[in-house]
Ligand SMILES: NC(=O)c1ccc[n+]([C@@H]2O[C@H](COP(=O)([O-])OP(=O)(O)OC[C@H]3O[C@@H](n4cnc5c(N)ncnc54)[C@H](OP(=O)(O)O)[C@@H]3O)[C@@H](O)[C@H]2O)c1
Ligand SMILES: NC(=O)c1ccc[n+]([C@@H]2O[C@H](COP(=O)([O-])OP(=O)(O)OC[C@H]3O[C@@H](n4cnc5c(N)ncnc54)[C@H](OP(=O)(O)O)[C@@H]3O)[C@@H](O)[C@H]2O)c1
């Protein structure tokens, strides 16, 4: 296998595994947890999210809760180039890479040109959906040796399914959101059996604010 | 408010909050965890599940992983009386109460008669769906002062939404199941905002087998 970045998956979730309520209220983390996440951000080369998260939450994905003189590269996985040109993740505070497919049409090529003119890098791999395995190889070649994967649940599924995640850290808020249709930590198709599922090894756990942090290594 | 039993909600779930895979593989708990659950069972007056769990898993809901001379009363919430007459929860090992609605038709009355002849108690409250608040009052009157709520996600939602749960204990297995459609700890409609959601207070946590147990009190 080609070399790939070391990937840490991090989320803040309710006890019942939700990333937000059914109405997309995602006030989960406490101040202490935001600081914890920004400390991880300050120590990786890249921060990755799916286009779903950009469209729903419009995050900046910079290090701003703690002092730090560098911002990691922001990576958005976006097959159909749905990213709005005024998305905060495209601001000047850090470098941004948009990963999209090789599929092409006039409109897409036009948008790629505009993005490039804005200083955004566009990387292409896969057809229909971004090929995450290939993407990891490309990012590694660009010097991105470590990535913080910050969701959402659909991209998390893609990354776990492909075996691309190395480490997991989860902040569990002492809250129950409920909801069959609320977004969960790992959505997508799901593993059919327990035998096929991703196995973890609990490495560390500690109380943080009113919640708890659990840290795992992914078993390979 | 009328008096109600003290309710402990317990589940074994994957780290991403799932009670089973999309194909209903629910091998989550380790032996140590089963013993933990059976110890709780041995200390309550009743064990409650929804009809969904009976239809999918056909559990016995008795204390058999540890020595105990009593079995709590088994309570199945089943509005339309879908319970199969050969369900294991209806065996002779313990007393069983089926909670159903006041709605009536010929077939339902016939089935109630058969169940009663089998020694099963049938309790009726609510229309359309079992009225869980009323049910709690009725069970309390019958001497059931404590209940272990063992799911699934739909009944858990009903109980949390009505504010009927007092304590929560969760075993988190070091596994990721994924799946937008996999059953989660609390399903149903879900709370729309974080302000409305159920708030918990972390009371205790410890490693168990390869996983971790988290214990909470529900804030009222
Ligand atoms: N609490 C937290 O820590 C946290 C963190 C992040 C997000 N969230 C929440 O998560 C929710 C958003 O999650 P989401 O699942 O809708 O979106 P998402 O995971 O951020 O993005 C998913 C999208 O990525 C694109 N994609 C491209 N290639 C893919 C591949 N190979 N595998 C998977 N996805 C691929 C797909 O769209 P295209 O096909 O169009 O490319 C897919 O729909 C929001 O509610 C947000 O608030 C919470
Ligand atoms: N890992 C664990 O600890 C664990 C424990 C239990 C279950 N499970 C899993 O959970 C899944 C089953 O969960 P489920 O959600 O399908 O079923 P469920 O929660 O066991 O039962 C739900 C059913 O209860 C009935 N009900 C009646 N009145 C209700 C009310 N007021 N509120 C809510 N429900 C009411 C409804 O059916 P009617 O309208 O027909 O009455 C409803 O569909 C299975 O996959 C099982 O393996 C896992």
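The values are calculated or read from the model by the stated rules, or taken from the named source; none is laboratory data. The model shown is predicted, which means the values in this text are computed figures rather than measured ones. Neighbour counts run over all protein chains shown; Cβ positions are idealised from the backbone, glycine included.
Annotations for the structure displayed:
- Complete set of residues in segment B:18-51 that are over 29 Å from residue B:81 (Cβ atoms) and without any contact (Cβ under 8 Å) to a residue 24 or more places away in the chain: B:27
- Selection status of residue B:102, surrounded by fewer than 21 Cβ atoms within 10 Å (Cβ to Cβ) and assigned to a helix (DSSP H, G or I): no
- Matching residues in segment A:200-214 - criterion: being in contact with a helix residue (DSSP H, G or I) (Cβ under 7 Å, 6 or more places away or on another chain) and part of a loop (DSSP other than H, G, I, E, B): A:209
- Taking the listed residues B:99, B:94, B:87, B:173, the one that is within 14 Å of chain A (Cβ to nearest Cβ) and more than 16 Å from ligand 1 (Cβ to nearest atom) is B:173, with no other qualifying.
- Top-ranked residue in segment A:1-26 [being under 19 Å from residue A:37 (Cβ atoms) and assigned to a loop (DSSP other than H, G, I, E, B); ranked as nearest to the other protein chains (Cβ to nearest Cβ)]: A:17
- Unique residue being under 16 Å from residue A:151 (Cβ atoms) and more than 16 Å from ligand 2 (Cβ to nearest atom) when the list is A:117, A:33, A:45, A:105: A:33
- Any hit, segment A:182-189, residues being modelled with pLDDT of 95 or more, within 16 Å of ligand 2 (Cβ to nearest atom) and in contact with a helix residue (DSSP H, G or I) (Cβ under 9 Å, 6 or more places away or on another chain): yes
- Just one of (1) crowded, with 17+ Cβ neighbours inside 10 Å; (2) touching a residue at least 12 places away in the same chain (Cβ under 8 Å) fails for residue A:56. It is (1).
- Checked across segment B:30-45, the condition of being in contact with a helix residue (DSSP H, G or I) (Cβ under 8 Å, 6 or more places away or on another chain) and closer than 22 Å to residue B:7 by Cα holds for no residue.
- Within segment B:150-160, the set of residues being within 8 Å of ligand 2 (Cβ to nearest atom) and within 14 Å of chain A (Cβ to nearest Cβ) comprises B:151, B:152, B:153, B:154, B:155, B:156, B:157, B:158, B:159.
- Residue A:203 falls short of the stated requirement of being farther than 27 Å from residue B:9 by Cβ, within 15 Å of ligand 1 (Cβ to nearest atom) and at pLDDT 95 or above.
- Looking only at segment B:200-214, residues that are surrounded by 15 or more Cβ atoms within 10 Å (Cβ to Cβ), more than 7 Å from every other protein chain (Cβ to nearest Cβ) and over 20 Å from residue A:216 (Cβ atoms) come to 0 in all.
- Residue check, residue B:139 away from ligand 2 (no atom under 11 Å from the Cβ) and in contact with a helix residue (DSSP H, G or I) (Cβ under 9 Å, 6 or more places away or on another chain): no
- Any hit, segment B:128-149, residues being within 14 Å of chain A (Cβ to nearest Cβ) and under 25 Å from residue B:30 (Cβ atoms): yes
- Any hit, segment A:15-23, residues being at pLDDT 95 or above, touching a strand residue (DSSP E or B) at 6+ places or on another chain (Cβ under 6 Å) and over 14 Å from residue B:190 (Cα atoms): no
- Residue in segment A:27-69 that is farthest from the chain's Cα centre (by Cα), counting only those that are away from ligand 1 (no atom under 11 Å from the Cβ), assigned to a helix (DSSP H, G or I) and away from chain B (no Cβ under 14 Å): A:31
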